[in-house]
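J.: This structure is in structure tokens; I'll ask about it shortly.
The values are calculated or read from the model by the stated rules, or taken from the named source; none is laboratory data. Remember, predicted model here, so these are calculated numbers, not experimental data. Every residue, glycine as well, gets a Cβ built from its backbone with ideal geometry; the counts of neighbours run over all protein chains shown.
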Amino acid sequence: MRLIPRLTAALSGLALALGGVVALAPAAHATPQACFYTILEQHPGANPEVAEGACLLGAEGGPAGVRACYAELRRDYVPAVIALGACRRAAAEE
């Protein structure tokens, strides 16, 4: 009778532990290359040279790097949500 509550608690704990690992996984792939491919996958009309330059600016890190990357991408008409996500990925801020 007491086995079911214990099993439920154990499975819940395991699910939470695995969820934490999955939540940390995107940060492990935060690089300028990930930024570049994110832009090209989500906005195929983006200029690859502009995307590469912006991602390299974002890789410098910090708020200034993210802002510079974002500004470059927005000048190329990359949608704001895509630009911000990609720049954060380049700066490893996700």
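J.: Please count how many residues of segment 55-69 are in contact with a Cys (Cβ under 9 Å, 6 or more places away or on another chain), over 14 Å from residue 39 (Cα atoms) and of a type in the set (A, V, I, L, M).
T.: 4
J.: Oh, and also: From the list 50, 22, 66, exactly one residue is modelled with pLDDT under 90, of a type in the set (Val, Ile, Thr) and assigned to a helix (DSSP H, G or I). Which is it?
T.: The conditions single out 22.
J.: Next question, about the same structure. Residue by residue through segment 29-63, note down the ones that are buried (at least 16 other Cβ atoms within 10 Å of the Cβ), among the small types (Gly, Ala, Ser) and without any contact (Cβ under 8 Å) to a residue 40 or more places away in the chain.
T.: Within segment 29-63, 46, 51, 53, 54, 58, 59 meet the criteria.
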